[in-house]
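Rule-based calculations on the coordinates, nothing more; no lab input. Computed from a predicted structure; not experimentally measured. When we count neighbours, we look across all protein chains shown, and the Cβ atoms used for this are built from the backbone with ideal geometry, even at glycine.
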Amino acid sequence: MTTAASTPAVLPADWRWHHAHAATSLSAIDDLFPGRFDLDGLDRAGIEAATERYGMRATPYYLDLARRADETDPIWALAVPSPRELNVQPEERLDPIGDERPDLAPVPGVTRRYRDRALLYPTPTCSVHCRHCFRKRLVGNPDYALTPTELDAAIDWIAGEPELHEVILTGGDPLTLSDERLLSLMARLANLPHVWMLRLHTRMPVVNPFRVTPELARGLRALPVPVTVVAHFNHAAEVSPAATAAADRLRRAGIDLLNQSVLLAGINDEPEVHRRLLWALLRAGIRPYALHHADLVPGTSHRRTSLETGQRLMRALRGTVPGHALPHYVLDLPGGHGKVPVDQGWMTTPGPPASGPPTPGASSPGATMAAPSTSAPSASGTAIFRAPDGGRHVYPPRNDGRDT
Ligand code: SF4
């Protein structure tokens with residue numbers, strides 16, 4: 001951890017420095033930026049209790065984007081623990097989208113939910129621990145670090161799956177690896193004859209954009225298969241000049257650059273706020289791609305919206321940005337059943353209350369599918385989705401451990 005005396009007046013454009021000096025407590029923020037933030041009015045005990053439970057990590061670069069130390073500031077809210085995280089709801093889960101479901105996780109470090117794609121988690125390390133992260137259980141947890149033998153086994157497994165055409169490196173954040181480790185891993189994957197494309201899911205362009213060096217961009221370009229980088233910007237305040245420069249380096253190297261956001265109450269659920277995010281991305285040459293309904297992550301109910309709020313937002317955005325800038329609003333069904341578009345016919349009839357009895361036939365295999373509709377969820381806030389695996393699933397799920 002840095003000290004006040006060691007914090008340079010101008011923060012260095014060096015990703016390793018920002019990664020190494022990430023703040024892990026409220027007092028570390030004060031040490032990094034002495035007197036910059038007014039911490040007096042904060043519920044310190046609550047923040048420290050939430051930090052103790054979930055951990056905290058935020059780069060000086062990212063914290064420097066914050067204007068004030070309270071949850072009305074999107075950067076602060078996305079990076080600094082909130083006492084509200086201590087409120088855990090019964091439907092929330094450590095593995096909200098079933099990454100570790102045994103039939104989806106054939107070897108350590110791999111999840112395969114779809115026939116043609118698989119996720120590979122080469123590291124549990126991130127430069128910032130996002131408060132809404134759906135992989136909180138593994139981020140910063142050394143138990144999830146793959147040994148060289150496990151990584152070899154994961155690649156061997158991928159090598160034996162000829163129908164897998166895209167490998168998505170995710171995490172943790174794969175861009176926290178050195179160029180050498182990242183590019184050699186990607187080259188091993190790219191040289192498998194059935195792997196036709198690679199994808200990187202990363203928040204480094206947002207929280208530590210100096211990571212996107214010209215050398216890295218050139219290294220990605222030199223791989224024998226197309227590479228897509230999917231960043232994770234949630235608010236226009238994150239699209240800084242440094243982030244825009246990072247995007248520019250990738251774009252000029254010929255790397256396809258997309259963005260996925262998470263719909264977060266009080267951060268980006270207002271149409272005008274979201275419109276500004278989409279335009280900021282477009283100006284930076286980043287294509288909006290997905291808007292994820294917030295997952296059932298422990299301690300995040302204060303950031304989760306209703307499905308109806310998300311649908312209203314999408315309706316309000318249509319016509320205010322170019323059509324190609326409208327992200328797909330999707331829900332990752334709890335239990336590992338895959339992503340469903342929320343407003344494009346995957347939602348069928350409104351479901352029963354989460355605590356009530358199931359709708360007759362709603363979860364029974366072979367039940368007649370109601371005509372898809374784009375109707376809003378029921379007044380209770382529940383809905384039934386048709387999943388890519390053919391099943392029908394109540395959302396939010398019941399609290400009895402069943403997903404259907
Ligand atoms: S960078 Fe991604 S994996 Fe890491 S904490 Fe944030 S959301 Fe989670």
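For this structure, a couple of remarks:
- Each label point was placed 7 Å from the Cα along the Cα-to-Cβ direction; for R101 and R84 their separation is 3.0 nm.
- Cα-based convex hull, region 1-133, per residue volume (Å³, whole number): 145 Å³
- Once the gyration tensor of the Cα atoms in region 131-245 is diagonalised, the equivalent ellipsoid follows with semi-axes of 25, 18, 13 Å, ordered largest first.
- About its Cα centre, the dipole of the chain is roughly 1000 debye, where the only charges are +1 on Lys and Arg Cβ and -1 on Asp and Glu Cβ.
- Extents of the chain, taken as max minus min of Cα coordinates on every principal axis and listed largest first, are 66, 56, 43 Å.
- Each stretch of four or more DSSP H residues adds -39500 (n - 2.57); spread over every residue of the chain, this sum gives -7500 deg cm²/dmol at 222 nm.
- Dipole magnitude for region 110-343: computed about the Cα centre from +1 point charges on Lys and Arg Cβ and -1 point charges on Asp and Glu Cβ, it is near 580 debye.
- Signed unit charges on C-beta, dipole axis of region 197-284, positive-most listed residue A265, L220, A280: L220
- For region 162-236 and region 263-323, distance of Cα centres in Å: 25 Å
- The spread of Cα positions in region 110-343, taken along each principal axis and listed from longest to shortest, comes to 47, 39, 31 Å.
- In a fully extended conformation the segment linking S184 and H165 would gain 5.0 nm over its present Cα-Cα distance, using 0.36 nm per residue.
- Projecting the Cα atoms of A69, W17, L42 onto the charge dipole of region 4-86 (Cβ charges, centred on the Cα centre) puts W17 farthest toward the positive pole.
- Sorting K136, K339 by the number of Cβ atoms found within 10 Å of their own Cβ, with the fewest placed first, yields K339, K136.
- The residue list P90, A28, P102 was ranked by how far each Cα lies along the charge dipole of region 1-151 toward its positive end, using unit charges on Cβ atoms, and P102 comes out on top.
- With neighbour counts taken as other beta-carbon atoms within 10 Å, the residues T309, T149, T202 rank, fewest first, as T149, T309, T202.
- Treating each Cα of region 1-61 as one equal point scatterer and applying the Debye formula with no solvent, the log10 of I(q)/I(0) at q = 0.14, 0.17, 0.20, 0.26 Å⁻¹ comes out as -0.41, -0.59, -0.78, -1.13.
- Ranked by how many other Cβ atoms sit within 10 Å of their own Cβ, fewest first, the residues L313, L281, L86 fall in the order L86, L313, L281.
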